[in-house]
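**Q** Structure incoming, see below.
Every read-out reported here was derived from the displayed coordinates using simple, explicitly stated rules and does not represent laboratory data. Predicted, not measured: the structure shown is a model, and the values here were computed from it. When we count neighbours, we look across all protein chains shown, and the Cβ atoms used for this are built from the backbone with ideal geometry, even at glycine.
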Amino acid sequence: MKLVNDLIVLCISSSCHRRILVYPLRRDVTHFSLYLMVDDSLPPYGWSRNTFFKLALINQVDRKKSIVKETQQKFNGGHRSWGSFFLNLSDFYDHKQGYLVRNTCIIEAYICVSDFAPKIQVYPNCGPTHDSTLGDQATESSSDTISPRTSGSSPITEGEVQDLTLRELIDLESLGAEEKAFIPLLEEVCIWHPSLMQCQSKRTLRFRQWAFTSLGQVLHFLKTKKVKDISEEDIKHLQGLWKELIKSSGFDLAWLEPYVQSVLGVKAYFERAKQLKKLKDNVVALEIKMKKLRGELAAAEGEFEVARRGLSEVRKGFHEMDVNAAIGYAMF
């Protein structure tokens, strides 16, 4: 599949050959992804590189809308590539969006390899290896079709584990429409957490289907649900899925747990939010009442001052008498 006529790659890198892979590689995907892969000149085992890198898909119309993904990862023989979903293909092909202009897209890669990484060990039957300054970045695309491993018991060799893809571990044809919707989400998390695939490599196909489908349900829930729409039934459903995943799947899901726990704590959040709203409404009502009383007090003070002045005016020249005494009269 040819995406564009021109692909401009700007790369700032330390030593150690790497390649940028531009996806989609298949006709049945609807998203655009970028991957950074270590060059094949490095041996399959006995080396590692601690790397910080940033991949950017440049928006040529509005630079502020450029999509940037950055991370710090450890590359080795088993983890030779890292990447991420960037945007839907429909948005990529839409020239108004600014990512594909005059049939050209621009990708920037910033790569920094730690100097503290251990030196490469060359094993027998491995060709000579070396580090050199990266001059050019090659862009590659693979075959449009990938044959999945559908055997439930076929062993996957150690060399194959490092190149596993999700589509090789599960049988897409047996998935329903709802389950197929989980695939883009699962592919993205497997890019950043390849251990998800590695821990399933020796499992049966049936088990792998269950494990990844269950994980896909959790990811889809977190991706599509809004807090305001979560019901008590939703919480119970997610809690059951999560409990079974942790107990039986074999996945290391420490990276996902905080997000799941935040959902499981939604009920307590709603209760506290309700209490908070009630107290806030009470404070607002009392504040309104105080303002009203202050207004009444100010009006009363004004009336009091007018009455006091009127009293003072009337008192001038006024002599009080004993109204209980007899009036009487004089004889002379």
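**Q** If we scan the stretch 211-220, do we find a residue that is surrounded by 15 or more Cβ atoms within 10 Å (Cβ to Cβ), at negative phi, touching a residue at least 12 places away in the same chain (Cβ under 8 Å) and not in a helix (DSSP H, G or I)?
**A** no
**Q** Follow-up question, since we're still on this one. For the stretch 221-242, which positions are surrounded by 13 or more Cβ atoms within 10 Å (Cβ to Cβ) and in a loop (DSSP other than H, G, I, E, B)?
**A** Within the stretch 221-242, 225, 230 qualify.
**Q** Same structure again: Going residue by residue through the stretch 172-188, is there one that turns out to be buried (at least 20 other Cβ atoms within 10 Å of the Cβ), over 18 Å from the mean Cα position of the chain (by Cα) and part of a helix (DSSP H, G or I)?
**A** No: zero hits.
**Q** A further question follows. Does residue 285 count as loosely packed, with under 10 Cβ neighbours inside 10 Å and among the small types (Gly, Ala, Ser)?
**A** no
**Q** Condition first: assigned to a helix (DSSP H, G or I) and either out of contact with any Ser or Thr (no Cβ under 9 Å at 6 or more places or on another chain) or under 30 Å from residue 196 (Cα atoms) (or both). Can you find one or more residues in the stretch 316-325 that meet it?
**A** No, every residue in the stretch 316-325 fails to be assigned to a helix (DSSP H, G or I) and either out of contact with any Ser or Thr (no Cβ under 9 Å at 6 or more places or on another chain) or under 30 Å from residue 196 (Cα atoms) (or both).
**Q** Within the stretch 269-282, can one find any residue that is under 30 Å from residue 234 (Cα atoms) and among the hydroxyl-bearing types (Ser, Thr, Tyr)?
**A** Scanning the stretch 269-282 turns up at least one residue that is under 30 Å from residue 234 (Cα atoms) and among the hydroxyl-bearing types (Ser, Thr, Tyr).
**Q** Right, next: Please determine, by comparing only the residues of the stretch 83-115 that are among the charged types (D, E, K, R) and surrounded by 15 or more Cβ atoms within 10 Å (Cβ to Cβ), which one is farthest from residue 192 (Cα to Cα).
**A** 91
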